[in-house]
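Note sheet for the following structure.
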Amino acid sequence: MICEGAAGRSERRKTNPYAALDENRAQIVGAQGRFKNSVVAPVAEVTAAQRLLDQCTSRLDGIQMTFRARTFVTPAVAALLSTFASASVVRSHPAGAAGPALPVGAASRVLVVAPHPDDETLAAGGLIQRLHAAGGALRVVFLTDGDGFPEGVKAEEGRENVTASDYRAFGRERKDEARAALHALGIHDDTATFLGFPDGGLSRMLTGYWSDRRPPYLSPYTRRNRPAKSELLDADARFHGEDVTQELATLIAAFRPTAILTPRKEDQHVDHCAAWFFVADALGDVTRVDTGYRADVLTYIVHFKSWPYESELPALSGGAGWLRLRLTDREMAQKREAIHKYKTQMKVMDWFLEAFVRRTEVFAQPPSPRVQLPLRRSPCDQFKS
């Protein structure tokens, strides 16, 4: 949260970088980004429709789905299926409630926040393809380079004793894999932004390593205390929490997404949990200064109990409603191809990555996030990296 004289804020952060934002432009873009004509149906009907969807052969072209009805499909059921198929999305929320909508239209501007390279593909590889096919705008921001993964580095180097130089080289390789994965999804390189903050260290920067009142966090893996120069948006950025928020806020203000996809705070990976807090803080910075701007926040899960091996949805509340994007065979095949670009990860956890090649991708919309950093104690510290 950027505000003059706020407790715990450094002098450098008090300078408001968003004062010149045009409120009228924000209102226009925000209006264009609102999603109308959402499909609303009772949960029972949604469940029945999903079962019938699994029984019918479907062909998807963009967001148009045509069902070849078999003899057991009555005209009434066919009409219900067509209603859901028009958006290729099944929404699970109470009857009469105006549920959230997935941002896959031409007017959509989607910012995908990935704590590590591969999270964007695992959680939203199908949505990214659908958005691209519809002509929507995409930006993917990687908070870390995924360079703090000892098991992966040791497997890559073929030895137990690895050095800071090995971890840094591993991070560069994972960045290359991310670009290749996005290319496999049909996305160009200029869509990705790598912020280079410390893998495994984001939660520490929610609390003690927040501002320049103390030395920055030092990665025990790369031995860095700042992002690489090639990854800086702010030349003065260090491994401080306020710099994570500042970099994200700069991206949000410049790209002006209509929707932001980020991990849920319940995700049981420490960096994924922390990512939610940084996104909420950055969005609060922008909307407090640019009062006409709004963006929908949708969350995804990668690490939670037995997910993605359990039932169709994670064992969590869907907030305002679960959104399930049903993928075509072609979209699943491209997602699998993109996942396989992460060769360093496939070496040590192919069983986990492959499990995300599912017929549906699921997202949820939490209540409007209200976060003020730094935190006295990070709830993310209960999770492992």
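Considering only region 225-239, I want to know if a residue exists there that is among the polar types (S, T, N, Q), modelled with pLDDT of 95 or more, touching a Ser or Thr at 6+ places or on another chain (Cβ under 9 Å) and surrounded by fewer than 23 Cβ atoms within 10 Å (Cβ to Cβ).
Within region 225-239, the subset among the polar types (S, T, N, Q) is 225, 230.
Then drop every residue that is not modelled with pLDDT of 95 or more, which leaves 225.
Next, only the ones that are touching a Ser or Thr at 6+ places or on another chain (Cβ under 9 Å) stay: 225.
Checking the rest, the ones that are also surrounded by fewer than 23 Cβ atoms within 10 Å (Cβ to Cβ) come to 225.
Scanning region 225-239, I find at least one residue that is among the polar types (S, T, N, Q), modelled with pLDDT of 95 or more, touching a Ser or Thr at 6+ places or on another chain (Cβ under 9 Å) and surrounded by fewer than 23 Cβ atoms within 10 Å (Cβ to Cβ), so the answer is yes.
Across region 208-219, a minimum of one residue is classified as farther than 28 Å from M332 by Cβ, in contact with a Gly (Cβ under 8 Å, 6 or more places away or on another chain), without any contact (Cβ under 8 Å) to a residue 24 or more places away in the chain and not basic (K, R). Residue pairs whose Cβ atoms lie under 9 Å apart, separated by 6 or more positions or on different chains, with the first residue in region 124-147 and over 30 Å from A164 (Cβ atoms) and in the same structural domain as R179 (by TED's automatic domain parsing) and the second among the basic types (K, R) and part of a strand (DSSP E or B), are G126/R326; G136/R109; A137/R109; L138/R109; R139/R109.
L251 falls short on exactly one of the conditions (1) among the aliphatic types (A, V, I, L, M); (2) crowded, with 22+ Cβ neighbours inside 10 Å; (3) within 30 Å of G136 (Cβ to Cβ), and that condition is (2).
Kindly establish whether R168 is surrounded by fewer than 16 Cβ atoms within 10 Å (Cβ to Cβ) and over 18 Å from the mean Cα position of the chain (by Cα).
On the way: surrounded by fewer than 16 Cβ atoms within 10 Å (Cβ to Cβ): no; over 18 Å from the mean Cα position of the chain (by Cα): yes.
So R168 fails the test.
All conditions but one from (1) more than 21 Å from L182 (Cβ to Cβ); (2) modelled with pLDDT of 95 or more; (3) touching a Gly at 6+ places or on another chain (Cβ under 6 Å) apply to E331; the one that does not is (1).
Among the residues of region 267-283, is any over 13 Å from P374 (Cα atoms), surrounded by fewer than 23 Cβ atoms within 10 Å (Cβ to Cβ) and free of Cβ contacts under 8 Å to residues at least 40 places away in the same chain? Within region 267-283 (the criterion being over 13 Å from P374 (Cα atoms), surrounded by fewer than 23 Cβ atoms within 10 Å (Cβ to Cβ) and free of Cβ contacts under 8 Å to residues at least 40 places away in the same chain), the answer is no, since none of the residues qualifies. Counting only residues that are buried (at least 21 other Cβ atoms within 10 Å of the Cβ) and part of a helix (DSSP H, G or I), how many does region 368-385 have? Number satisfying all stated conditions: 1. Scanning region 307-353 for residues that are aromatic (F, W, Y), outside any loop (DSSP other than H, G, I, E, B) and under 29 Å from P369 (Cα atoms) gives W307, W322. For region 48-160, the strands (runs of 3 or more DSSP E) that sit wholly inside it and include 1 or more residues that are more than 30 Å from K347 (Cα to Cα), within 19 Å of the chain's Cα centre (by Cα) and at pLDDT 95 or above are 109-114, 137-144. Scanning region 317-367 for residues that are surrounded by fewer than 21 Cβ atoms within 10 Å (Cβ to Cβ), among the hydroxyl-bearing types (S, T, Y) and under 23 Å from T262 (Cβ atoms) yields a count of 2.
The values are calculated or read from the model by the stated rules, or taken from the named source; none is laboratory data. This structure is a prediction, so every number in the text was calculated from the model and none was measured. Cβ coordinates were reconstructed from backbone atoms using ideal geometry, including for glycine residues, and neighbour counts include every protein chain displayed.
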